[in-house]
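Notes follow once the structure below has been shown.
The values are calculated or read from the model by the stated rules, or taken from the named source; none is laboratory data. Keep in mind the model is a prediction, meaning the values are calculated, not measured. Using ideal geometry, Cβ is built from the backbone for each residue, glycine included, and neighbour counts are taken over all protein chains shown. Heavy atoms of the whole protein, side chains included, go into the accessibility calculation; ligands, DNA and RNA do not. Shrake-Rupley method; radii C 1.70, N 1.55, O 1.52, S 1.80 Å.
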Amino acid sequence: MTIDYDVVIIGGSLAGYYAALAATQLRATVALVQPKADYGFTHHHALTEIGKLAQKLKDAPGFGIHATHTDTLEECHISMAWQEAMLYAQSVASNLQEQHSPAILAAQGVDVIVGSGQFQSSPELAFAVNNRLLRARTYLLASGSRPEIPEIEGLQTTGYLTLSNIWQSFQGTTLPKNWVIIGGIPQSVEIAQTLARFGCSVTLVVKHPYVLPYLDPEIATLLQAQLEVEGVRVLTEKPVTQVRLIENKKWIQAGDKAIETDEILVATGQQPNLEPLNLAAVGVKWHRRSLVVNDKLQTTNHRIYACGDVIGGYDFANVANYEAKIALNNALFFPRLRVNYSSIPWAIFSVPMLAQVGLTEAQAKRLFSRDKILVLRQYFKTVAAAQLRDETTGMCKLIVLRNGEILGASILGAEAGEL
């Protein structure tokens, strides 16, 4: 069998980009097959940063800093803010797109093939794209995901936005005043807070008891309180049952609440981009919303590996890159490395920031007897640096065994990601 590459990476996600560059550093011949890249996430993070700055300006009088202006000027500045913010976000996205361009990858030795394709098993395993067969020793699936749309009565006919198109939908237009966000995932929390800081009225509807189901409940309660302080209305344990368009107004039925809104954002989760790949023909299985992989990130076809959104979990770049490193090394060399998520942190770009690593208190108590576990708390309001900066909202919570071994940590507070 003729081999064209050591590894063919399928997908235009950041994890695929990272894996392609890592493969060249390992002196492997590599091809990256990707559709047109999407950098909508960049708009999201750029606008989040602008929202943080806007909040700091609002808080400035508390530090004795005052700006003089007339009501007319203030009104003018507020109306211009959204367009200027979008221009900034677009410039950041453009810069990053240039850094991740096929030309940059090609200069590093990656054969970039723009297009969509599928696997074929006969006469031998290969990936077909642009009327070309790519034959490799191994393949890495990093095709990312797209928004999952729940089956809610009336949603399709009423219309909605998703994480992939929310910001692009308002380039050159004004931002709607009233929003309902359906879903409890990290991005829904971040966007709810950002929209509120741009002066929007936001209702976040979550079907779980807490804003994020995998958080420590104590930390989740603090995060919800912060959202509510900033004007986000949070409705927990309220499944959305129907959506209606009544006299050109959108209405949502969430539990026993009927809510009128200008715009709806669906952010309930992601589903992997798998359907066009013809995986069944090459013996790759998936279950519900993710590929079936072992702890070496090997699919049910031993020559095909996977990382990132396609294997499930929250969409975090650092976790996807960790998985890409493990999968790539196993694909190129002897498959011996195993994923271990116990020491991989993840963070949410809320304000204050939220970060978590390892086990929560509830998870630890399910694995160990209660008398072996200590729960340690430190509140930001007791820290001098937090007092000086007026960043006293938050806490650090450590879960440890009595022998000193740290099982997990959750932090809600300024610079939690760095901590």
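Before moving on, here are some points about what is shown:
- Interchain or long-range residues, amide H under 5 Å from Y305's placed H: Y139, L140, L141, T299
- Here the 3J(HN,Hα) profile of segment 114-131, calculated from phi with Karplus coefficients 6.51, -1.76 and 1.60 at θ = phi - 60°, is 8, x, 10, x, 8, 6, 9, 9, 10, x, 8, 4, 7, 10, 9, 8, 6, 6 Hz, Gly and Pro shown as x.
- Each DSSP beta bridge with both residues in the chain is either parallel or antiparallel, and the antiparallel ones are about 60%.
- Gyration tensor verdict on the chain (Cα atoms; rounded if a/c is under 1.5, prolate if a/b is larger than b/c, oblate otherwise): prolate
- For trypsin sites (Lys or Arg not before Pro), the sites in segment 316-370 that DSSP calls loop and that have at most 10 other Cβ atoms within 10 Å are R336.
- Value of [θ]222 nm, deg cm²/dmol, for the chain, DSSP H segments ≥ 4, -39500 (n - 2.57) each, nearest 500: -9500 deg cm²/dmol
- Note on the chain: GNM, Cα springs under 10 Å; of G231, G159, G16, the largest mean-square fluctuation is that of G159.
- Fluctuation leader among Q168, Q271, Q90 - the chain, Gaussian network, Cα springs under 10 angstrom: Q168
- Area of S342 that stays accessible when all protein chains are in place (1.4 Å probe, Å², to 10): 70
- Computed from backbone phi with θ = phi - 60° and the Karplus coefficients 6.51, -1.76 and 1.60, the 3J(HN,Hα) list for segment 261-272 is 8, 7, 9, 10, 10, 9, 9, 8, x, 10, 10, x Hz; x is used for glycine and proline.
- Under 5 Å between amide hydrogens, built in the peptide plane, is the criterion, and for I344 it picks out G358 among residues at least 5 positions away or on other chains.
- The residues of the chain expose on average 50 square angstrom of accessible surface per residue, using a 1.4 Å probe on protein heavy atoms.
- Carbon plus sulfur fraction of accessible area for the chain, probe 1.4 Å, in percent: 53
- For the chain, the membrane-span-like helices by this rule, meaning whole DSSP H stretches whose C-alpha atoms cover at least 20 Å of axis and whose Kyte-Doolittle mean is 0.0 or above, are 317-332; this says nothing about an actual membrane.
- Long pairs among K296/K325; K207/K257; K365/K397; K207/K285; K177/K250; K372/K397, criterion Cα-Cα beyond 20 Å: K207/K285
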